[in-house]
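Report on the structure given below.
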Number of protein chains: 2
Amino acid sequence: MATTAPKTSGRILSIQSHVSYGYVGGKAAVFPLQCLGYDVDVVNTVNFSNHSGYGRFGGSRATAEELSNIFSIMEQNELLVPERLLTGYVPGAEATAAVTGFAKRLRERKPDLIYLLDPVLGDSGRLYVSPEVVPIYQAALPLATIITPNWFEVEVLTGITITNGQSLRQAMKTLHETYQVPHVVISSIPLKSWLKDLLPTHLRPPSDTSDSDYLACIASSREGDLVHAQCFPCLPGYFSGVGDLFSALVVGHFPAATSQSQETAADGETPLSRAVSHALSKTHAMLVLTHEAALALPEEERLATDEELDAREPMRKIRRMRGRELRLIQGQDIIRGTQPIEYRQLQPWTDFWTA
Amino acid sequence: MATTAPKTSGRILSIQSHVSYGYVGGKAAVFPLQCLGYDVDVVNTVNFSNHSGYGRFGGSRATAEELSNIFSIMEQNELLVPERLLTGYVPGAEATAAVTGFAKRLRERKPDLIYLLDPVLGDSGRLYVSPEVVPIYQAALPLATIITPNWFEVEVLTGITITNGQSLRQAMKTLHETYQVPHVVISSIPLKSWLKDLLPTHLRPPSDTSDSDYLACIASSREGDLVHAQCFPCLPGYFSGVGDLFSALVVGHFPAATSQSQETAADGETPLSRAVSHALSKTHAMLVLTHEAALALPEEERLATDEELDAREPMRKIRRMRGRELRLIQGQDIIRGTQPIEYRQLQPWTDFWTA
């Protein structure tokens, strides 16, 4: 029988949450990375029935000891051989310290490790995690190759409130210099007027849109002071697992050091901006697919967000959440690149540091 | 942006072991089912660093209470909506009883549930599990649509030692009648002379092969007394996760009741035999790929099995195990059906019951 030679993109270790139903954490990250050809080693930091956004969830959290034990046995068995590391949600300060301590050892052993640290702290002004987790992530930032905070996580990590160009630059500078992160990707930041005005003209969305319609994604590499950005339309309502999918796609598309050139290509792309462009394009296409599928559901599964009604009738929220789970399986050809989608290419933001 | 309509094969709940590194249990089953288009709900019965065949492994086992809690919350959240159920390894009698008790409730609520119960008990004459697990599986057999024991598990479940045609028929009859299992697939049974002589001529492998070179796979449907079989060459050495991959592919390829016809097609295939033919063909192709990749490894990672040397030098066994992990990612196009492989079609064994 003819078999083709084994193809592989390499090996990646993913450390994040697991849910039985739906697609957040590892469930949003592992399958896409496998589709991209990675052998994914999977350490589950929690085993929950479903994500916490449903309001009701059950299961167990891995303790720091359990996580350390798994890392230690993998190490003894010479099974810690990933070229890439992806860490996401970890429950509590002790377990987070176990994960970042492990990342430190792995980084020391393998200086060319590509480590994407997604500092899962919160969103939209609200912390998901205990405040004790913040300094642990801050201490771990220098280990990362790439970080993918949203705007709120940037604020929490840097202590800088982002309200204008100066504070945005200051926060980015803090991440690059104080925390020595080579590549910072702000996965999403609302396109308020100050940010729209700050963006180079060719990066701005059509002028007839209101502020809340768009988000921006900003990718900044320390070496060469290269910043790229792109705006993308914000779909109505909240989808879970989007950041987890995005981070997985960024680390999956980021080129290995051997194939990487820090030089800017003729079209203005860098290794980081290209990886983020692919991740953004695929994540957005998956969201559109999910949004369209949610619209086709029976009315009770696509109810608008209403906290008052939700409080009175918990199943209302649960059904809405269920209807808005990422259509990762149905959209797997988007991940694989065999279904054509719009390429949302990040563009150079040449005057980011000097404007 | 144009997106195609969401495609889905349906939803399947997989309850089995999880390992961080390598491909057994859920790690061998979930990704293939996702590639086949299934939304897979994943409940992890253990979270281990690697499979137990490495000799050294760490992690935690889910307790009966933890599993019951996850099922219960999923039920309360109306997230128990799978059309299919796949259960594999569960650690210990209490947890097994929690899983089969849950399967009973799901079966009662959904009479057309397709439940593939893989009674993971042992192999090659050795029990992996506590003997207390056996009666729990026996009591659960009537819930199953399909079971996929190996020959040893058939012996343990039926209490019948299979040494000839009569005992094979008796064991199969016990599973169909005493335990009311509609579809029994003996995933592998060594092709000893008595079995080779029993098989219809067109099913026998080339006559110049020795007994130990081949295994047989036997699929029997109670309705219509339809039995099919196929022989396949046995690859040297032991590969882990093969049965888990095979069972996942059987349940993934088994047609839903709506599209199912119990009538035998013109080419002699039945819904069961066709599903098993696909599962066998893909599993075998994956094994060939894995075997070839293992041969290409450095010598220390493809050492022959030698228990004496292994005992003196545990890393010897560990490296061999690592070299023999299924190449599931590299072979994903085999699963998806986009890479052509030999179709190992099960053939009717028309005189099985009367020979």
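The values are calculated or read from the model by the stated rules, or taken from the named source; none is laboratory data. As the structure is a computational prediction, the values presented were derived from the model and not from experiment. With ideal geometry, Cβ positions are generated from the backbone for all residues, glycine too; neighbour counts draw on all protein chains shown. We work out accessible area using only protein heavy atoms, side chains counted, and drop any ligands, DNA or RNA first. Shrake-Rupley method; radii C 1.70, N 1.55, O 1.52, S 1.80 Å.
Is at least one residue of segment A:169-182 surrounded by 19 or more Cβ atoms within 10 Å (Cβ to Cβ) and farther than 24 Å from A:His253 by Cβ? So far as segment A:169-182 goes, yes, one or more of its residues are surrounded by 19 or more Cβ atoms within 10 Å (Cβ to Cβ) and farther than 24 Å from A:His253 by Cβ.
Filtering segment A:341-355 to residues that are surrounded by 14 or more Cβ atoms within 10 Å (Cβ to Cβ) and within 11 Å of chain B (Cβ to nearest Cβ) leaves A:Ile341, A:Arg344.
Identify all residues within segment A:270-287 that are away from chain B (no Cβ under 14 Å) and open to solvent by less than 50 Å² (accessible area, probe 1.4 Å); write none if there are none.
A:Thr270, A:Pro271, A:Leu272, A:Ser273, A:Ala275, A:Val276, A:Ser277, A:Ala279
Considering each of B:Gly53, B:Gly92 in turn, give the residue that is on the phi > 0 side of the Ramachandran plot, more than 7 Å from chain A (Cβ to nearest Cβ) and in contact with a Lys or Arg (Cβ under 9 Å, 6 or more places away or on another chain). Talk me through it step by step, then tell me what you get.
Numbers: B:Gly53 fails: on the phi > 0 side of the Ramachandran plot.
So the residue among B:Gly53, B:Gly92 that is on the phi > 0 side of the Ramachandran plot, more than 7 Å from chain A (Cβ to nearest Cβ) and in contact with a Lys or Arg (Cβ under 9 Å, 6 or more places away or on another chain) is B:Gly92.
Quick check on segment B:319-336. Is at least one of its residues modelled with pLDDT under 95 and over 25 Å from B:Gly26 (Cα atoms)? For segment B:319-336, residues modelled with pLDDT under 95 and over 25 Å from B:Gly26 (Cα atoms): absent. Just one of B:Glu66, B:Glu108 is open to solvent by 30 Å² or more (accessible area, probe 1.4 Å) and touching a strand residue (DSSP E or B) at 6+ places or on another chain (Cβ under 8 Å); which is it? One residue alone meets the criteria, B:Glu66. Sort through A:Thr290, A:Thr338 and tell me the only one that's in a helix (DSSP H, G or I) and within 14 Å of another protein chain (Cβ to nearest Cβ). After ruling out the rest, the residue left standing is A:Thr290. Taken over segment B:216-230, the criterion of being without any contact (Cβ under 8 Å) to a residue 60 or more places away in the chain and surrounded by 21 or more Cβ atoms within 10 Å (Cβ to Cβ) is satisfied by B:Ala216, B:Ser221. Taking segment B:69-105 as the range and being crowded, with 19+ Cβ neighbours inside 10 Å, hydrophobic (A, V, I, L, M, F, W, C) and within 24 Å of A:Gly323 (Cβ to Cβ) as the test, the residues that pass are B:Ile70, B:Phe71, B:Ile73, B:Met74, B:Leu79, B:Leu80, B:Leu85.
Would you call A:Tyr54 open to solvent by 10 Å² or more (accessible area, probe 1.4 Å) and of a type in the set (Phe, Trp, Tyr)?
Numbers: open to solvent by 10 Å² or more (accessible area, probe 1.4 Å): no; of a type in the set (Phe, Trp, Tyr): yes.
Answer is no for this residue.
Here A:Leu36 fulfils each of the conditions (1) open to solvent by less than 10 Å² (accessible area, probe 1.4 Å); (2) more than 8 Å from chain B (Cβ to nearest Cβ) apart from (1). Here A:Ser247 passes the criteria (1) modelled with pLDDT of 95 or more; (2) surrounded by fewer than 24 Cβ atoms within 10 Å (Cβ to Cβ); (3) in contact with a Gly (Cβ under 9 Å, 6 or more places away or on another chain) except the one numbered (2).
Among the residues of segment A:314-335, those identified as assigned to a loop (DSSP other than H, G, I, E, B) and either surrounded by fewer than 21 Cβ atoms within 10 Å (Cβ to Cβ) or of a type in the set (Lys, Arg) (or both) are A:Arg324, A:Arg327. Out of (1) in contact (Cβ under 8 Å) with a residue 24 or more places away in the chain; (2) assigned to a helix (DSSP H, G or I); (3) over 29 Å from B:Tyr115 (Cα atoms), the odd one out for B:Leu297 is which? Only one criterion in (1) in contact (Cβ under 8 Å) with a residue 24 or more places away in the chain; (2) assigned to a helix (DSSP H, G or I); (3) over 29 Å from B:Tyr115 (Cα atoms) is unmet by B:Leu297, namely (2).
Screening segment B:6-30 for residues that are outside any strand (DSSP E or B) and under 19 Å from A:Arg324 (Cα atoms) and picking the one that is most open to solvent (accessible area, probe 1.4 Å) gives B:Lys7. Among the residues making up segment A:289-313, a single one is surrounded by fewer than 20 Cβ atoms within 10 Å (Cβ to Cβ) and β-branched (Val, Ile, Thr): A:Thr305. Scanning segment B:220-260 for residues that are over 17 Å from the mean Cα position of the chain (by Cα), aliphatic (A, V, I, L, M) and assigned to a strand (DSSP E or B) returns B:Leu226, B:Val227.
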